[in-house]
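Undergrad: Below is one structure. I have some questions about it.
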Amino acid sequence: MKGRENEADERLLVEAARRDPSRFAELYELHFTRVYAYVARRTENRQEAEDITAEVFHRALEKIGSFEWRGVPFAAWLLRIASNAVADKWEKAARERGNPSEEKGEEFDFDEANESARLFGLVKELPTDQRLVIEMRFAEEKGIREIAEAIGRTEGAVKQLQFRAIRDLRLRMGRKSQGKTGKKLVKSNG
């Protein structure tokens, strides 16, 4: 029953945004984390992920008038736009290098996008020091020494914060998440 209520609420938000584009902000707030998580998993760095995510919502706002309900959530439409935006980036990069795009045929993975969005949400819930370490280490790709200097802690303390944060995230995500999304955190643990 809850799913139908959410769908009805989302339909109302979409209809409001179609009539008044300033109402699109509510849809943006509702879906930003999921779209950003999807894009971040497919891009090289944070700045690129932010740029593409902004482009996704810009395109969605431009085309909100043509959105039609087809039995799938509004998020699926946004994620399809994100998939196309990422593919466009790959194609442009391939053209600039003179290489054909190898990523073009990748299937869209809703489960992976949902799992990444969930992980991003859980990172936001970590204690402040742990959250800062995880964001700096994995989103900003900073080294342990660099993080220690930035937050005024020893390298050992940063490693301990990282260890505790990853342990907590693993527990919260559940054992099944150690497949796709969990690997990214596990790889750089150390």
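Undergrad: Can you give me the C-alpha center-to-center distance between the stretch 27-62 and the stretch 11-26, rounded to a whole angstrom?
TA: Cα centroid to Cα centroid, the span is 19 Å.
Undergrad: Let me ask something else about it. Determine, from the Cβ-Cβ distance of Thr154 and Arg131 and an R0 of 22 Å, the FRET efficiency 1/(1 + (r/R0)^6), rounded to the nearest 0.05. Spell out each step's value before the answer.
TA: On the way: r = 19 Å, r/R0 = 0.84.
Rounded to the nearest 0.05, the efficiency is 0.75.
Undergrad: Arrange the peptides 33-41, 19-27 so that the one whose residues have, on average, the most other Cβ atoms within 10 Å appears first.
TA: Highest-to-lowest ranking by the protection proxy: 33-41, 19-27.
Undergrad: Take the Cα of Asn45, step 7 Å along the line toward its Cβ, and report every residue of the stretch 114-146 whose backbone nitrogen sits under 17 Å from that point.
TA: Within reach of a label on Asn45: 136-143.
Undergrad: At a threshold of 8 angstrom on Cα-Cα distance, excluding pairs fewer than six apart, so keeping six or more, what relative contact order does the stretch 2-97 reach in percent?
TA: Details: 54 pairs, mean separation 27.4, N = 96.
Relative contact order, the stretch 2-97: 29 percent.
Readers should treat all values here as calculations from the given coordinates under stated rules, not as data from a laboratory. None of these values were measured; they are calculated from a predicted model. A quick note on method: Cβ atoms are made from the backbone with ideal geometry, for glycine too, and the neighbour counts reach across all protein chains shown.
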